[in-house]
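Visitor: Once you've had a glance at the structure underneath, I'll fire off some questions.
The values are calculated or read from the model by the stated rules, or taken from the named source; none is laboratory data. Here the structure is a predicted model, which means the values were calculated and not measured. All Cβ positions, even for glycine, are placed from backbone atoms using ideal geometry, and neighbour counts span all protein chains on display. Accessible surface is based on the protein model in full, side chains and every heavy atom, while ligands, DNA and RNA are left aside. Shrake-Rupley method; radii C 1.70, N 1.55, O 1.52, S 1.80 Å.
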Amino acid sequence: MASDVPAVMNAVRLLERIARAWPDPVATGVLIDDLGLNRSTAYNILGTLRRAGWAATRDDRAGWWLGPRLLTLAGTREDWLGELVQSEIDELARLLGHLVFAVRQTGPGEYSVLARADLRQGVRITVGLGDTFPFSAPAIMRAFHAWLPADEVERAVARHGLTAFTGETVVDHARLHQVLAEVRANGYASSVREYDPGQSGISAPVFDDRGAVTLALVSLAFSSELDKDTVPKAGELIRESGLRLTERIGGVAPAHRET
């Protein structure tokens, strides 16, 4: 009679424990304690599962999720992607205190809202699922286009144009490329009164497994709440959220970031 292979059985136990908590992460220490594993053994198996795409983590403190390759094999890609995006923007909305939504480029000239999180009551900015934004909506366009070659950006701008939504909107091409360089350096984009004089926005990219932007996370707030003084802290939060979601879907952020 064939006997079980300990390493394989431990890998199965780890995946089953991670799956029970899905879509929430499970800390390495919890996995080790719950399953009674040797620490070195657990790290070696988790590392192997991560390289195979069956488990995912951003770092040891972030915990472990089911990996993108395993979820794809299970035929649940769209469902789990939606769950991951929603869980991420729910937490981001809680931290920021503002409307947060995710957009996808649905055509060469527009972006569509595919998920939203709005925890506020009373007077607030809101968007609906399926709402669209035009190509040059500043914060969104910058999150999608900052990582493209300059000539590709120019071709897109030539095709769709830069709309001066307000007197603050950047429409000069040279200045736009400076702004895009700043986005790459910071890891997030901002738009203070450029789309609407009473609103400001921040955004961050989510990268796919080729390092291309597949989604953008966006937060909108009144310009009295989100201004040049408060943008940096909010920008750090949305950047980290975008990187975390990139990791969780098996994406790869570009290695080079301008400074």
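Visitor: Tell me the helices (runs of 4 or more DSSP H) entirely within the stretch 114-227 that contain at least 3 residues that are free of Cβ contacts under 8 Å to residues at least 24 places away in the same chain and surrounded by fewer than 15 Cβ atoms within 10 Å (Cβ to Cβ). Working first, answer last.
Guide: Working: elements: 138-145, 150-160, 173-186.
Of the helices (runs of 4 or more DSSP H) lying wholly inside the stretch 114-227, those with at least 3 residues that are free of Cβ contacts under 8 Å to residues at least 24 places away in the same chain and surrounded by fewer than 15 Cβ atoms within 10 Å (Cβ to Cβ) span 150-160, 173-186.
Visitor: Then there is this: Of all residues in the stretch 228-259, how many are loosely packed, with under 15 Cβ neighbours inside 10 Å and among the small types (Gly, Ala, Ser)?
Guide: 1
Visitor: Let me ask another. Filter the stretch 228-259 down to the residues that are farther than 30 Å from residue 70 by Cα, part of a helix (DSSP H, G or I) and in contact (Cβ under 8 Å) with a residue 12 or more places away in the chain and list them by number.
Guide: Answer for the stretch 228-259, where residues must be farther than 30 Å from residue 70 by Cα, part of a helix (DSSP H, G or I) and in contact (Cβ under 8 Å) with a residue 12 or more places away in the chain: 231, 234, 235, 236.
Visitor: Let me ask something else. With the requirement that a residue be aromatic (Phe, Trp, Tyr) and in a loop (DSSP other than H, G, I, E, B), what does the stretch 18-70 give you?
Guide: Within the stretch 18-70, 22, 54 qualify.
Visitor: I'm trying to understand the selection: among the residues of the stretch 44-61, which are open to solvent by 30 Å² or more (accessible area, probe 1.4 Å), within 20 Å of residue 248 (Cβ to Cβ) and not β-branched (Val, Ile, Thr)? Can you show your working first?
Guide: Taking the stretch 44-61 as the starting set, the residues that turn out to be open to solvent by 30 Å² or more (accessible area, probe 1.4 Å) are 44, 48, 50-52, 54, 58-61.
Keeping just the survivors that are within 20 Å of residue 248 (Cβ to Cβ) gives 48, 50-52, 54, 58-61.
Selection gives 50, 51, 52, 54, 58, 59, 60, 61.
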